[in-house]
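Chemist: Submitted below is the structure of interest, expressed as structure tokens.
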Amino acid sequence: MAFRPAQNTHRLLSALNTVNATLVNARATLVQRINGFNAGAITYLKLYDKATAPAETDTPRKTLYIAANTSFDFPFGDGMTFGSGFGYRMTTAAADNSTAAVAAAAVLALNIDYS
């Protein structure tokens, strides 16, 4: 797959005191970069290949570990394809079915570049 510059950016300025279940795009999506700052505890950013907002009963396609009190940057090179759609959840526990919410304002300036 040839590199294409991202055409869209999903932004979450500040996490809520939830798992922040979010549907970014309800159709095939190419995610190219995810970055932001984690001002809270260890967080697991779970990425889903689906056309509806993800729930704890869904299995993530990828889980990203975000260390506490640090900035993070996950470039995906030529991109990671999500065929059905793209959504995410954030928890403070690694288990796929975790409902352990992140604290309010724990994750800041989350940016997801995609096309």
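Chemist: Only one of these is free of Cβ contacts under 8 Å to residues at least 60 places away in the same chain, among the polar types (S, T, N, Q) and within 20 Å of ALA93 (Cβ to Cβ): THR22, THR59, THR52, THR43. Name it. Lay out the reasoning, then the answer.
Modeler: Working: THR22 fails: free of Cβ contacts under 8 Å to residues at least 60 places away in the same chain; THR52 fails: within 20 Å of ALA93 (Cβ to Cβ); THR43 fails: free of Cβ contacts under 8 Å to residues at least 60 places away in the same chain.
Selected residue: THR59, the only one of THR22, THR59, THR52, THR43 that is free of Cβ contacts under 8 Å to residues at least 60 places away in the same chain, among the polar types (S, T, N, Q) and within 20 Å of ALA93 (Cβ to Cβ).
Chemist: Then there is this: Tell me which of these SER71 doesn't satisfy, since it passes every other one: (1) farther than 22 Å from ARG11 by Cβ; (2) in contact with a strand residue (DSSP E or B) (Cβ under 9 Å, 6 or more places away or on another chain); (3) modelled with pLDDT of 95 or more.
Modeler: (1)
Chemist: Just checking, which of ILE66, ILE34 is more than 21 Å from GLN7 (Cα to Cα) and β-branched (Val, Ile, Thr)? Please lay out each step first, then the result.
Modeler: Values: ILE34 fails: more than 21 Å from GLN7 (Cα to Cα).
Exactly one of ILE66, ILE34 is more than 21 Å from GLN7 (Cα to Cα) and β-branched (Val, Ile, Thr), namely ILE66.
Chemist: Also: Confirm whether THR81 is among the hydroxyl-bearing types (Ser, Thr, Tyr) and under 19 Å from VAL19 (Cα atoms). If you could, list the steps in order and put the result at the bottom.
Modeler: On the way: among the hydroxyl-bearing types (Ser, Thr, Tyr): yes; under 19 Å from VAL19 (Cα atoms): no.
No; evaluated as a whole, the condition is false for this residue.
Chemist: Quick one: which strands (runs of 3 or more DSSP E) sit completely within the stretch 1-106 and have at least 2 residues that are surrounded by fewer than 17 Cβ atoms within 10 Å (Cβ to Cβ)? I'd like the intermediate steps shown before the answer.
Modeler: Values: elements: 8-14, 22-25, 29-38, 43-48, 62-66, 70-82, 86-91.
It comes to 8-14, 29-38, 62-66, 70-82.
Chemist: Name the one entry in GLY83, GLY87 that is within 14 Å of the chain's Cα centre (by Cα) and closer than 20 Å to TYR48 by Cβ. Write out each step before concluding.
Modeler: Numbers: GLY83 fails: within 14 Å of the chain's Cα centre (by Cα).
Exactly one of GLY83, GLY87 is within 14 Å of the chain's Cα centre (by Cα) and closer than 20 Å to TYR48 by Cβ, namely GLY87.
The values are calculated or read from the model by the stated rules, or taken from the named source; none is laboratory data. On a predicted model such as this, the values are computed, not experimentally measured, just so you know. Here the Cβ is made from the backbone with ideal geometry for all residues, glycine too, and neighbour counts use every protein chain on show.
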